[in-house]
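Notes to accompany the following structure.
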Amino acid sequence: MIFYIILSIVIVQRLLELVIAKRNEKNMRAKGAYEVGASHYPLMILLHVSFFISLLVEVTTFNLTPSPLFLVFLILFLCVQGLRVWCLTSLGSFWNTKIIVLPGAHVVTKGPYKYLRHPNYLVVSMEIALLPLMFEAYFTAICFTILNAMMLSVRIPTEERALKEATNYEQYVQHKNIVS
């Protein structure tokens, strides 16, 4: 039962985030922003939808139960959710699931972005590992951690290239010893 409650909450959270992203995209485009990396975006959506399907199938097919370390993984997951909210609120109208670039904008340097260049990708990576580990869904945890790393190996360079071309991102990276 706890699996279905947690899974439902996370899926509803993602759907609400898509609504926020769509609103932010509309507002940014009205200011002259444009999308970069549109060719890989459908694959990213497929990856995330497949993650939830794989998790559901693995847990239900093998009748998996909460891990003996469930409470530890849950606490870590809740901390990661706090970081997710911090990322979202720090970026404000710049936050999106797509790579939306506003020419001439100054990159956000507050919140977790003061310390890490891509904290939201760290959040997603941790969620992809922690959520399945809570229920001993090791196949999903391993498989999608690898697939997500492959996706990020395309997405992060695409995003950084676009930000360097259109914003003050290069200065941000050079003047801060920020972890990538």
Accessible-area value, T145, 1.4 Å probe, nucleic acids and ligands omitted, Å²: 60 Å²
Let me know the number of lysine pairs in the chain closer than 15 Å at the Cα, not counting same-chain pairs under 8 apart. 6
Per residue, how much space in cubic angstrom lies within the convex hull of the C-alpha atoms of the chain? 107 Å³
In the chain, carbon and sulfur make up what percent of the accessible area (probe 1.4 Å)? 70 percent
Between segment 73-135 and segment 3-17, how many Å separate their Cα centres? 17 Å
Dimensionless Rg ratio for segment 1-87, taking C-alpha atoms and the 2.2 N^0.38 Å reference: 1.37
What is the helix-to-structure angle for 119-134, meaning the angle in degrees between its Cα long axis and the longest Cα principal axis of the chain, kept from 0 to 90 and rounded to the nearest 10? 0 degrees
Leaving out ligands and nucleic acids, note down the accessible area per residue over the chain with a 1.4 angstrom probe, in whole Å². 55 Å²
Got a sec? What order do M44, M134, M150 fall in by accessible area at 1.4 Å, biggest, i.e. largest, first? M150, M44, M134
Quick one: ranking E35, E165, E160 by accessible area, 1.4 Å probe, largest first, what do you get? E165, E35, E160
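The values are calculated or read from the model by the stated rules, or taken from the named source; none is laboratory data. Not measured: the values here are computed from a predicted model. Remember, those area values only see protein heavy atoms, side chains included, never the ligands or the DNA or RNA. Shrake-Rupley method; radii C 1.70, N 1.55, O 1.52, S 1.80 Å.
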